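Novice: Here it is, the structure, as structure tokens.
The values are calculated or read from the model by the stated rules, or taken from the named source; none is laboratory data. No experiment lies behind these values; they were computed from the predicted model shown. Counting neighbours? That spans all protein chains shown, and the Cβs are built from the backbone with ideal geometry, glycine included. Note: accessible area is taken over every heavy atom of the protein model, side chains too, but ligands, DNA and RNA are not part of it. Shrake-Rupley method; radii C 1.70, N 1.55, O 1.52, S 1.80 Å.
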Amino acid sequence: MYRKAAKFVATRYGTLVVGDFDMSNIARKPSPPDENDDDAKIKQNATARANRVLAAVSTLRDAMNHCMLS
């Protein structure tokens, strides 16, 4: 699926600009909550982490880089 999306982008656009940032910083778990945080916020963070893995953004990024260089 990502390869098809990357091919579409590569054929439609001549240039791909990707920010140079370390994705591992985004993947880090937040520090342990303090007593002022509520359970809903903690659950939302867990859901966001799960969605990050399901989306595999780095795979899409790699596929786009590959298609643009080919």
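Novice: In this structure, is SER24 open to solvent by less than 100 Å² (accessible area, probe 1.4 Å), in a helix (DSSP H, G or I) and either at positive phi or at pLDDT 80 or above (or both)?
Specialist: No; evaluated as a whole, the condition is false for this residue.
Novice: Against the conditions (1) surrounded by 10 or more Cβ atoms within 10 Å (Cβ to Cβ); (2) at pLDDT 75 or above, where does ILE42 fall short? Just the number, please.
Specialist: Failing condition for ILE42: (2).
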